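A short worksheet on the structure shown next.
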Amino acid sequence: GFRPDSILENNAEMTSLLLFHPFEPSIVVADETDGISIWDYESGDRTRHFRNSNGSAMGGESSHVSPAQTVTSLDWLNPEGPSLLSVASDDGVVRVWNGLLES
C-alpha cells in the first residue's frame, strides 16, 4: 500500500505555496504571514525559516521591519549551481535569496 514518506510540521495556520527543488531533496513552504521555510524532505528537518518581508530569522532582531506581505510566487533560479530563490509578494517586490541550501 501507499503511506506518507515525510510529514513536515510547519506550525502555521495555512501553507500558501510549495516548491520542490529540481535536484536537491528540498522543499520551500510559504505560509500566510510571509514566513518561508526550507525543508529537507528526506530527513524531515526544517533547515531554514525566515520572513520574506525583512529576511530576519524567526525571533531575530531587524533594524527594518516591513509589514507582513502575502507570498504570491516562488521559483528556483540557477538550480544546477548555487541556487537562488526568488520570492514575489503582493507588495509588488520580488526578493532573491541566496545561500539557503548551504550547510
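Computed from the coordinates by the stated procedures, all read-outs in this text should not be read as laboratory data. What you are looking at is a predicted structure, and each value in this text was computed from that prediction instead of being measured. Heads up, the Cβs are rebuilt from the backbone with ideal geometry, glycines too, and the neighbour counts pull from every protein chain shown.
Here are the numbers for this structure:
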read-out: Residue-by-residue Karplus 3J(HN,Hα) for segment 33-49, coefficients 6.51, -1.76, 1.60, Hz, glycine and proline x; value: 10, 6, x, 10, 10, 10, 10, 8, 6, 6, 8, x, 8, 7, 9, 8, 8
read-out: Net charge of Cβ neighbours under 13 Å - reference S43; Lys, Arg +1; Asp, Glu -1; value: -4
read-out: Distant-in-sequence amide H partners of T70 (H built 1.01 Å from N, under 5 Å); value: D90, D91
